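Student: Submitted below is the structure of interest, expressed as structure tokens.
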Amino acid sequence: MQEHHFNIAYREYAPNELPDEVVTLFQHAKAALKDAYSPYSKFRVACAIRLVNDEIVTGTNQENAAYPAGICAEGIALGACASLHPNVGAKELFITIASDAFQVEQIAAPCGICRQQLLEFETRFKTPISVWLGIEGKPVIRLASVKDLLPLAFTKSDLL
Ligand code: THU
């Protein structure tokens, strides 16, 4: 028997330590929160993606009366990237949240399906995507790659 370990590092930044381009990305994500359609959960999620050509594309969660038909912010943002800027990879993304029902005190990380979708995009364009997670006035977390969010992932290479 052999025991293996994943060693996943992430960084925590104080708000005033964020690089300028990340502040801009965060601003885009916060501005997009108003476009979330979340009448059922009252929970807003926005994802701002900076492409390698420096375009910024945002997406927000879009819910549905048939709950499982709702789409997460990350999936909407990735779809918008693929539609508006086909064949352009991403270098970083920022996810932020808000609630219409309570004061959000802690950041949220992407759900499992979003991690899988983000990983497909990262793998497809062979460029690591930094993942920033933050809310106003709190420390921001940065992972260097989507891979760090999904160890032992199922990817394209499993199908070859
Ligand atoms: N949500 C996202 O948009 N992204 C995630 O990664 C997690 C959850 C949305 C789905 C739903 O509209 C609301 O947050 C509550 O689950």
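Quick note: the coordinates plus some simple rules give every number you see, no bench work behind them. No experiment lies behind these values; they were computed from the predicted model shown. For neighbour counting, all protein chains shown are included, and Cβ atoms are generated from backbone atoms with ideal geometry for every residue, glycine included.
Student: At 0.36 nm per residue, and after removing the present C-alpha to C-alpha distance, how many nm does the segment from Tyr13 to Tyr67 gain when stretched out fully?
Tutor: Details: separation 54, 0.36 × 54 = 19.44 nm, distance 3.49 nm.
Answer, rounded to one decimal: 16.0 nm.
Student: What percentages, rounded to whole numbers, describe P(r) for the range 1-86 computed over all alpha carbon pairs with 10 Å bin width beginning at zero?
Tutor: Percent of Cα pairs in each bin: 16, 35, 28, 16, 5, 0.
Student: In addition: Could you give the distance between the Cα centres of the range 116-153 and the range 1-80, to the whole Å?
Tutor: Using only Cα atoms to place each centre, the spacing works out to 10 Å.
Student: Note down the Stokes-Einstein diffusion coefficient of the range 81-143 in µm²/s, whole number, using a Kirkwood radius over alpha carbon pairs, 10 °C, and 1.306 mPa s. Walk me through the intermediate numbers first.
Tutor: Numbers: Rh = 13.2 Å.
Taking Rh from Cα pairs, D becomes 121 µm²/s.
Student: Return the Cα extents of the chain along principal axes one, two and three, sorted largest first, each rounded to a whole Å.
Tutor: Sorted largest first, the three principal extents are 48, 39, 39 Å.
Student: Within the range 5-95, list the trypsin sites (Lys or Arg not before Pro) lying in a DSSP loop whose Cβ has at most 14 other Cβ atoms in a 10 Å radius. Mind showing how you got there, number by number?
Tutor: Working: sites: Arg11, Lys30, Lys34, Lys42, Arg44, Arg50, Lys91; in loops: Lys42.
Those that pass, being in a loop and sparsely packed, are Lys42.
Student: Right, something else. Using r as the Cβ-Cβ distance of His85 and Tyr40, and R0 as 35 Å, what FRET efficiency do you calculate, to the nearest 0.05?
Tutor: Details: r = 31 Å, r/R0 = 0.88.
Computed FRET efficiency for His85 and Tyr40: 0.70.
Student: Of the chymotrypsin sites (Phe, Trp or Tyr not before Pro) in the range 69-135, which ones lie in a loop per DSSP and count no more than 16 other C-beta atoms within 10 Å?
Tutor: Working: sites: Phe94, Phe102, Phe121, Phe125, Trp132; in loops: Phe102.
Taking the range 69-135 and a limit of 16 other Cβ atoms within 10 Å, the loop chymotrypsin sites (Phe, Trp or Tyr not before Pro) found are Phe102.
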